[in-house]
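Report on one structure; see the data block that follows.
The values are calculated or read from the model by the stated rules, or taken from the named source; none is laboratory data. All values derive from a computational prediction rather than experimental measurement. Cβ sites come from the backbone with ideal geometry, for glycine too, and all protein chains shown count toward neighbours.
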Amino acid sequence: MLKNHAKLERTAIGFAFAIMLVASIGGFIEIAPLFTISETVEDAPDMRVYTPLELAGRNIYVREGCYACHSQMVRTLQDEVERYGHYSLAVESKYDHPMLWGSKRTGPDLARLGDKYSDEWHVAHLLNPRAVSPQSVMPAYRWLLRNELKANDMPLHLRAMRKVGVPYTDAMIANATADTYGQANPDSGAADGFFERYGFDSNSRYFDGDKRKVTEMDALVAYLQILGELTDAADQTAGAANLENDAEGATQ
């Protein structure tokens, strides 16, 4: 065997073909599942896009490196489902560019964090993590409450997202800057038309509790509060599974 391998290494053309053959096999194994992706990815007709404020918060989340310590993917293991909730579905990351699934958990998984805690809790946690979680090793992010959010370039962000498949409309792009401020300042004129564009179940409030300005804290909290809430696909999957289990139990 070793002699044959040594002979192959001395034959440049043969060795190149062998590398191509092995790479082709590996590539086929990775690519083949994509041909059936329409059968494996769940349908989510209720799926909504991130609002400009939530998208700005996601950008801050990436900028501050939050993904390095927090994953956003609940695996199918029983202990994970019991702790974090229903396992993550592919469709829930449909509009995530880039994906933030992650694998390292210095902190807990955040895939289903939305609406789990109040805005006040999130603000307190980001200002001083140990004030709400004494054992936390997370650093404080106090500057988020001081930094006013810059949203003049949000139309460009939405346009870039549309290029990769996120269905932002022309009206959403044209009003992106106003909608960013309006969502975090619902009493202002900037909020006009926001719900018509993004749905009446969208969150709109003073996320950081400060009515005087819109801050990076507003954006990040708005993003955290929507994690796992863009679609009800997981709840529907869980409901269908429960009905199936009940049916099986009735026939036994």
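Key figures
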{"item": "Test result for Glu216, of a type in the set (D, E, K, R) and in contact (Cβ under 8 Å) with a residue 40 or more places away in the chain", "result": "yes"}
{"item": "Residue in the stretch 143-156 that is of a type in the set (S, T, N, Q), exposed (fewer than 11 other Cβ atoms within 10 Å of the Cβ), closer than 20 Å to Glu216 by Cα and at pLDDT 95 or above present", "result": "yes"}
{"item": "Sole exception among (1) over 10 Å from the mean Cα position of the chain (by Cα); (2) surrounded by fewer than 18 Cβ atoms within 10 Å (Cβ to Cβ); (3) touching a residue at least 12 places away in the same chain (Cβ under 8 Å) for Gly65, by number", "result": "(3)"}
{"item": "Whichever residue in the stretch 1-47 is touching a Leu at 6+ places or on another chain (Cβ under 9 Å) and among the hydrophobic types (A, V, I, L, M, F, W, C) and, among such residues, is modelled with the lowest pLDDT", "result": "Val41"}
{"item": "Failed item in (1) out of contact with any Leu (no Cβ under 6 Å at 6 or more places or on another chain); (2) at pLDDT below 95, with Ser71 passing the rest", "result": "(2)"}
{"item": "Qualifying residue in the stretch 175-185 (condition: surrounded by 17 or more Cβ atoms within 10 Å (Cβ to Cβ), outside any loop (DSSP other than H, G, I, E, B) and hydrophobic (A, V, I, L, M, F, W, C))", "result": "yes"}
{"item": "Residue satisfying all of: in the stretch 215-252; at pLDDT below 80 and among the β-branched types (Val, Ile, Thr); nearest to Met47 (Cα to Cα) among these", "result": "Thr237"}
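Matching residues to (1) in contact with a His (Cβ under 9 Å, 6 or more places away or on another chain); (2) hydrophobic (A, V, I, L, M, F, W, C):
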position: Asn128; (1), (2): no, no
position: Leu156; (1), (2): no, yes
position: Arg159; (1), (2): no, no
position: Ala171; (1), (2): no, yes
position: Ala176; (1), (2): yes, yes
position: Asn203; (1), (2): no, no
position: Phe207; (1), (2): yes, yes
position: Lys211; (1), (2): no, no
position: Ala222; (1), (2): no, yes
